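First comes the structure, then the notes that go with it.
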Amino acid sequence: MTTQKVRVRFAPSPTGMLHVGSARTALYNWLFARRMGGDFLLRIEDTDPERSEAHYEAQFIADLRWLGLDWDEGPVDADGPDKGAYGPYRQSARLAIYAEHTERLLAQGKAYRCFCTPEELEAERKLAVAEHRPQVYSGRCRSLNQETINQYLAAGRPFAVRLRIQDHPLRFHDMVHGPIEFAAETVSDPILVRSEINAKGLPGAAVPVYNYVVTVDDALMEITHVIRGDDHLSNTPKQVAIYEAFGWKVPEFAHLSTILGADHERLSKRHGATSIASFREAGYLPEAMVNYLALLGWGAEDGKTETFTLEELTRAFSIERVTPSPAIFDFEKLNWLNRHYLKLAAPERLAALAWNYFSDRLPPWDLKEDELHNWFCRLLAIFVPYVDHLNQLPAKAAFVFGFDQEAARNSAENAPVLAVDSARIVLAELADRVRVHSEPVTPEHFKTWMNEIQTATGVKGKELFYPVRIALTGAHSGPVFDKLLPLIEEGAALGLHIATMRERVERFVGV
RNA sequence: GGCGCUAUCGUCUAGGGGUUAGGACGUGAGAUUCUCAAUCUUAAAACCCGGGUUCAAUUCCCGGUAGCGCUACCA
């Protein structure tokens with residue numbers, strides 16, 4: 001017996017940004033394919049021209065690539081040709097295929113034309129609700145005779161094509177939920193093709209609907225495992241019926257739980273920026289994103305390991321271990337993972353990523369010089385441990401470039417520290433030493449001075465360091481002076497409009 | 001209303017008929033550092049409820065409850 005090659009797909013519709021939920025679906029598909037040595041395809045579900053926009057497709061492609069997910073078949077660029085032998089991979093380019101299949105079903109009597117009006121359907125639904133029955137289509141048009149149909153067609157009455165649901169339970173297997181069964185009497189004859197009503201109120205082009213095109217495409221593209229969000233679980237029996245009508249093999253399914261916000265509502269814009277692009281812009285690393293998404297609904301076999309590279313994930317991942325219950329998106333844990341990968345990242349890489357956040361402080365990236373680049377790397381080494389994601393850097397490092405002396409002097413935190421006599425004495429002592437010192441201040445100079453001041457004044461510990469720190473940085477806490485001083489002094493020498501230590505002290509204490 | 005899915009610390013999860021119910025994030029405490037961040041150590045923190053099966057149920061079964069999804073000629 002030959003086992004079929006695994007083929008999975010990610011099939012977004014270009015009606016919005018790629019958000020974390022669909023990114024996780026893409027990731028799980030990709031991991032499953034790579035794990036099983038199968039193919040991963042990208043298909044664009046753009047059958048609804050009203051809502052689909054081409055630039056979203058380009059964005060998907062960019063976001064998927066950023067995450068490190070590659071596909072074996074599908075669109076390569078937004079406007080280039082597809083790759084793969086099962087194309088086209090945009091549903092808008094497959095309309096003829098669907099139409100041909102619809103004809104086949106109609107000819108075989110497996111599908112029929114339904115002329116019911118929206119009003120009639122609505123009345124049926126209301127009645128069903130009132131009678132506590134499942135809301136299923138009555139099947140009124142199932143047995144229309146050919147004469148009537150021809151008459152309606154001739155009269156230009158709009159119609160939909162429905163599939164005749166057979167009278168047996170619709171079963172399928174789900175890799176995360178197990179076997180699932182729907183009773184035939186709870187599922188309506190699904191609409192395969194709807195009639196578009198044009199501006200004049202007349203029936204226009206026939207447009208195939210989601211449940212139909214998905215099934216046709218999955219079958220024709222020989223998809224073996226359908227991994228998607230569990231909002232599709234209730235659609236699946238309809239799709240199973242379509243597979244059966246065509247005599248196609250029903251694939252394996254895996255329905256992934258919904259990702260919720262902290263309020264247990266489905267994650268959306270209301271919960272903040274949830275598109276992959278917005279995380280990238282905020283300075284999250286793709287490996288953190290991938291790692292977090294993998295953990296959201298899946299756990300390692302040892303029950304302990306939390307950090308995985310993409311490569312490690314392809315070895316460790318198994319779809320059977322994916323949890324069926326909904327998961328709440330935890331920004332804190334994502335932040336922790338991002339900090340983890342930030343610590344691991346090469347300085348040059350971080351420099352390239354973080355440079356733009358300092359565009360008002362630094363020259364353009366392509367004009368930078370080696371010395372400046374090195375200096376920036378050291379700045380990053382100091383400040384990256386303070387941030388969750390890179391775009392928080394400018395705020396954390398702002399005082400290096402300058403700070404408001406008056407505000408620093410008067411802030412609620414600083415004022416009491418400076419009000420103490422010892423603070424004035426310490427700063428005066430420091431100013432004395434700085435004034436007679438003309439070279440750049442090294443950590444050694446500084447250390448010597450602080451020791452001298454300590455012995456001269458008897459002030460030590462926080463009383464000694466807090467005022468100095470405030471004078472130099474505007475706050476009584478921050479990075480160690482050993483690293484900070486060279487950064488400031490060298491930054492000043494690089495012409496970045498950074499005040500030297502001497503200038504800072506004089507400005508703060510007054511001359 | 002109908003149909004379906006889900007239910008272990010605040011959160012993500014491991015586990016599984018008998019366990020001190022494990023790990024991680026976050027939170028508290030301590031260590032270290034002039035301070036903060038980082039780091040290390042440590043503490044508190046959970047099996048939705050009710051029945052059944054069983055010597056034994058958090059685990060299996062049924063029911064309830066709650067949350068979520070679908071219930072479109074959207075995807």
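Applying the set (1) of a type outside the set (K, R); (2) touching a strand residue (DSSP E or B) at 6+ places or on another chain (Cβ under 9 Å); (3) over 25 Å from A:H255 (Cβ atoms); (4) in a loop (DSSP other than H, G, I, E, B) to A:D79 leaves exactly one unmet item: (2).
For A:V214, indicate whether it is within 11 Å of RNA strand B (Cβ to nearest atom), out of contact with any helix residue (DSSP H, G or I) (no Cβ under 8 Å at 6 or more places or on another chain) and under 30 Å from A:G38 (Cα atoms). Spell out how you get there, then give the answer.
Working: within 11 Å of RNA strand B (Cβ to nearest atom): yes; out of contact with any helix residue (DSSP H, G or I) (no Cβ under 8 Å at 6 or more places or on another chain): no; under 30 Å from A:G38 (Cα atoms): yes.
No, not satisfied.
Of all the criteria given as (1) within 14 Å of RNA strand B (Cβ to nearest atom); (2) surrounded by fewer than 15 Cβ atoms within 10 Å (Cβ to Cβ), the one not satisfied by A:A54 is (1).
A:I382 meets all of the listed conditions (1) more than 9 Å from RNA strand B (Cβ to nearest atom); (2) of a type outside the set (K, R); (3) crowded, with 16+ Cβ neighbours inside 10 Å but one, namely (1).
Filter the range A:204-228 down to the residues that are modelled with pLDDT under 95 and of a type in the set (G, A, S), then identify the one that is surrounded by the fewest Cβ atoms within 10 Å (Cβ to Cβ). Here the residue is A:A205. Of all residues in the range A:82-97 being assigned to a loop (DSSP other than H, G, I, E, B) and in contact (Cβ under 8 Å) with a residue 24 or more places away in the chain, which is nearest to the chain's Cα centre (by Cα)? Residue satisfying both the conditions and the ranking: A:Y89.
Would you mention how many residues in the range A:476-485 are surrounded by fewer than 17 Cβ atoms within 10 Å (Cβ to Cβ) and either more than 8 Å from RNA strand B (Cβ to nearest atom) or within 19 Å of A:T442 (Cβ to Cβ) (or both)?
Taking the range A:476-485 and keeping what is surrounded by fewer than 17 Cβ atoms within 10 Å (Cβ to Cβ), we get A:477, A:480, A:482-483.
Subsequent filtering for residues that are either more than 8 Å from RNA strand B (Cβ to nearest atom) or within 19 Å of A:T442 (Cβ to Cβ) (or both) retains A:480, A:482-483.
So the count comes out to 3.
Return the residues of the range A:121-144 that are at negative phi and either in contact with a Cys (Cβ under 6 Å, 6 or more places away or on another chain) or in contact (Cβ under 8 Å) with a residue 12 or more places away in the chain (or both); say none if nothing qualifies. Break it down into steps so the answer makes sense when it comes.
We begin by selecting, within the range A:121-144, every residue at negative phi; these are A:121-131, A:133-138, A:140-144.
Answer for the range A:121-144, where residues must be at negative phi and either in contact with a Cys (Cβ under 6 Å, 6 or more places away or on another chain) or in contact (Cβ under 8 Å) with a residue 12 or more places away in the chain (or both): A:L121, A:E124, A:P134, A:Q135, A:V136, A:Y137, A:S138, A:R140, A:C141, A:R142, A:L144.
Looking at A:V468, A:V426, can you tell me which residue is at pLDDT 90 or above, touching a Pro at 6+ places or on another chain (Cβ under 6 Å) and buried (at least 20 other Cβ atoms within 10 Å of the Cβ)?
Details: A:V468 fails: touching a Pro at 6+ places or on another chain (Cβ under 6 Å).
None of the other options fit; the residue is A:V426.
Note on the range A:320-330: residues that are part of a helix (DSSP H, G or I) and either modelled with pLDDT of 95 or more or basic (K, R) (or both) amount to 1.
For the range A:289-338: of the residues being of a type in the set (S, T, N, Q) and farther than 24 Å from A:Y386 by Cβ, which is surrounded by the fewest Cβ atoms within 10 Å (Cβ to Cβ)? So, considering only residues that are of a type in the set (S, T, N, Q) and farther than 24 Å from A:Y386 by Cβ, the one surrounded by the fewest Cβ atoms within 10 Å (Cβ to Cβ) is A:S325. Within the range A:298-327, residues that are under 17 Å from A:A26 (Cβ atoms) sit with their Cβ atoms under 9 Å from residues that are small (G, A, S) and part of a strand (DSSP E or B), at 6+ positions apart or across chains, in these pairs: A:I319/A:A254; A:V322/A:A254. Just so you know, in the range A:230-275 the residues that are closer than 16 Å to A:V8 by Cβ and near RNA strand B (Cβ under 8 Å from one of its atoms) include one that is surrounded by the fewest Cβ atoms within 10 Å (Cβ to Cβ), and it is A:H232. Taken as a whole, the structure leaves A:G74 outside the set of residues that are over 22 Å from A:Y212 (Cβ atoms) and either surrounded by fewer than 16 Cβ atoms within 10 Å (Cβ to Cβ) or not β-branched (V, I, T) (or both).
The values are calculated or read from the model by the stated rules, or taken from the named source; none is laboratory data. Since the model is a prediction, treat every value here as computed from it, not as a measurement. No Cβ is skipped: glycine too gets one built from the backbone with ideal geometry, and neighbour counts run over all protein chains shown.
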